[in-house]
Amino acid sequence: MTAVIAGQADIGFMGPEAAIYVYNEGREDHPVVFAQLTQKDGSFLVGREPEPDFEWESLKGTTIIGGRKGGMPAMALEYVLRNHGLVPNEDLEFLTNIQFDLMAGAFTGGTGDYVALFEPVGSALELEESGYIVASIGASAGNIPYTAYAANKSFIEKNEDLILRFTRAIYKGQQFVSENTPEKVAETIKPAFPDSDLELLTKVIKRFKDQDTWPQNPLMSEESFERLQDIIETAGELDQRANYEDVINNTFAQKVIDQ
């Protein structure tokens, strides 16, 4: 977002909440989201033991490494906890003082009973038998516009053909993932992850596909946008809600779908 506002990048890949924050600051040429990439939180709750019959209510009295305060992973997890009657730092200890890239190491080093981790870190801990994925935070939180592409309003107005072509490429990628097996997708993306085992990549993609992490098109619904704002409000990080029509532009997504 900083790069987009500063003019160092034409298009930014980010959580849509960043566009909401800038819009609320009153910036005239604010960034507008034109294509959604993922519709679920991609993190998973990892515990110290396998829990095939895991229930969120069982977390009462435990300590969870939740992520950075104000970050979407932590806010989505807090939203899920509250939906199950658990208030962070009242019913359980919710740690938000550990750096994102140090969370897995802190957990394996003995901190906390649970940790929220993204893939492939969660699956890697399972292979090491040092942690076990017990629940999907994304599946429990529901559809959220988790990651998306945005550009300044003026850039979109001056470069409509470029934005359309960019959105078409995203749509083709979403269709490819939707129409192919985890094995095929893993083989295709393997060159981008040279240090990752193909079997692990396949396992990760299957887990994401099973919970509908990737939508079949780049459209962002108003319902999911409002849920995103609900989550940020619940975490106490949003003073004013943004207008869907001002922050989201589905024109290009709809056009590539129609074509």
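Only the coordinates and a few stated rules stand behind these numbers; no lab work does. Predicted, not measured: the structure shown is a model, and the values here were computed from it. So basically every Cβ, Gly included, is an ideal-geometry build from the backbone, and we count neighbours across all protein chains shown.
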What fraction of the DSSP beta bridges in the chain is antiparallel, stated in percent and rounded to the nearest 5? 70 percent
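So between Ala3 and Thr62, what do we pick up on full extension, going 0.36 nm a residue minus the alpha carbon distance?
On the way: separation 59, 0.36 × 59 = 21.24 nm, distance 3.90 nm.
Stretched fully, the Ala3-Thr62 segment lengthens by 17.3 nm.
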Where the only charges are on Cβ atoms (+1 Lys, Arg; -1 Asp, Glu), what is the dipole of segment 43-141 about its Cα centre, to the nearest 20 debye? 420 debye
For the chain, which longest stretch is free of loop sites, where a loop site is one of the trypsin sites (Lys or Arg not before Pro) that DSSP puts outside H, G, I, E and B and that has at most 15 other Cβ atoms within 10 Å? 70-240
Largest fluctuation, Asp195, Asp29, Asp239 only, Gaussian network model of the chain with Cα springs under 10 angstrom, belongs to Asp195
Efficiency of FRET between Glu187 and Asp210 - r from beta-carbon atoms, R0 22 angstrom, step 0.05: 0.75
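Quick one: if the Förster radius is 45 Å, what FRET efficiency do Phe54 and Thr251 give, using the C-beta to C-beta distance and rounding to 0.05? Present the calculation step by step, with values, prior to reporting the outcome.
Numbers: r = 42 Å, r/R0 = 0.94.
Once the sixth-power term is evaluated, E becomes 0.60.
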Around Ser154: net Lys/Arg minus Asp/Glu count, Cβ-Cβ under 13 Å: -2
Which label in (1) 48; (2) 42; (3) 55 gives the computed percent of Cα pairs over 23 Å apart: (3)
HN-Hα J couplings of segment 216-221 from phi, Karplus 6.51/-1.76/1.60, θ = phi - 60°, integer Hz, Gly and Pro as x? 8, 8, x, 5, 10, 6
Let me have the 222 nm mean residue ellipticity of the chain computed from DSSP H runs of 4+ only, each contributing -39500 (n - 2.57), with the sum over all residues rounded to the nearest 500. -12500 deg cm²/dmol
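Quick check: residue separation of Phe100 and Lys158 times 0.36 nm, minus the Cα distance between them. What number comes out in nm? Let's see the in-between values first.
On the way: separation 58, 0.36 × 58 = 20.88 nm, distance 3.70 nm.
Here the answer is 17.2 nm.
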Nonlocal amide H pairs with Ile144, under 5 Å, H built at 1.01 Å: Lys40, Asp41
